[in-house]
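Values quoted throughout were computed directly from the atomic coordinates according to the rules given, and no laboratory measurement underlies them. Keep in mind the model is a prediction, meaning the values are calculated, not measured.
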Amino acid sequence: MNEKILAHFAEQAMYCDIFGSPFTAQLIRAISADYEQGGPIAALLKDWNTNPRADALALRIAGYFHHAVLVGRDPELAAHYPSSVANWTIDDIWPIARAMLEREPNTAAAFIRSAPQTNETRRSIALLAAFLNFAESWKGEIDMLEIGASAGLNLNWDLYTYKTKSWAWGAEGPVQIDTDWNGPPPPLVDINVRSRAACDLNPLDISDEAQRLQLKSYVWPDQPDRLARFDGAIALARESGVHVERADAAEWLAQKLADRADDAATIVYHSVFFQYPPRAAREAIVSAIMGAAANASERAPLVWVRLEPEAITDGVENSPRMVIDITTWPGAKRRIIGYTDGHVRAVYAQEGG
């Protein structure tokens, strides 16, 4: 029995409750109980010897069950899932899910080898706030570079419709993004995007139905608003021809920044990504940015926008907050735009951010 796995299951279930998914929380608690009792979950994880928290192990397993529902592999399970039944109960669902796992342990083992990729489009509203702060003073063209972009859904951030109680931005479109915005609104200015590019170590190809459904399986099934945003963002990305290059972020970024134009701003951005690469990879990414920063000019500024855990950005251990920040060169000026959580359910904007 791996106590770290049990501790991870308990923590992840707590976060699912906090983030508004009672179904996923209860499913993970059922998974945890089965693991502790030596059931098929224990057999599935008997050789799991890496850090379960860093691996997001609970979300891998929850994704496996949701994926089975989405692809129609178990109609009985699908009939009891939140997408089909409003008054679902975990007591009805777990025996069916457990039986499926016993029938197809190899399918489950293969599925959970891949790390979850949620590509949460709601994070775009946090990124947008930073982009707008930069665009308030920069009226020229901008080249966008996203690292850790997953399937590239947040490449289309400027095509989404943003609405909060205090401000709105963007034309009406198929992807509506809101949040509980607290504090001053960002400057509501135009942004002139000239080009956009992205990379990921393991990008999912949204033109492939199997990979689309794999991506969707990590969206919690009792959150219809997130599922609707996902479907809209997928349709828009397919229409606009979004492409994410398969590459190591540090190597890709170093090359892109070495070749960057001298007549436009370059924005490097990433969201809930930086805690996943090993330390050496993070240091290589920072080194690539710092190298390009040395050559930034008023005519071709360099901008770094992050939506990342405060533990990563500022070394605040055990902080649950995500920091939205922007650093610009020349000048190496850093501003904290605000604080939020991983799903950007609320933003606490900072004065002067």
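Quick notes
- The chain, helix-only ellipticity at 222 nm - DSSP H runs n ≥ 4, -39,500 (n - 2.57), divided by all residues, nearest 500: -12500 deg cm²/dmol
- Computed over the chain, relative contact order equals 17 percent, with contacts defined as Cα pairs under 8 Å that lie 6+ residues apart.
- For region 78-177: Kirkwood Rh in Å [reciprocal of mean 1/r, alpha carbons]: 17.6
- Its alpha carbons give region 108-152 an Rg and a Dmax of 15.8, 51 Å.
- Relative contact order of region 314-353, defined on C-alpha pairs under 8 angstrom at six or more residues apart (%): 32
- Cα-Cα over 26 Å, subset of Lys165/Lys216; Lys139/Lys333; Lys139/Lys256; Lys165/Lys333; Lys163/Lys216: Lys165/Lys216; Lys165/Lys333
- Rounded to the nearest 10 degrees, the inclination of helix 224-240 to the longest alpha-carbon principal axis of the chain is 50 degrees.
- Region 3-111, relative contact order [Cα under 8 Å, separation at least 6], %: 25
- Convex hull of Cα atoms in the chain, direction-averaged projection (nm²): 17.3
- The gain in end-to-end length when the Glu283 to Asp17 segment is fully stretched comes to 92.4 nm, 0.36 nm per residue minus the alpha carbon separation.
- Against the chain, whose longest principal axis comes from its Cα atoms, helix 22-36 is set at around 60 degrees.
- Multiplying the residue separation of Asn182 and Leu201 by 0.36 nm and removing their Cα-Cα distance gives an extension gain of 3.4 nm.
- Using 0.36 nm per residue and subtracting the Cα-Cα separation, the extra length available between Glu36 and Glu76 on full extension is 11.8 nm.
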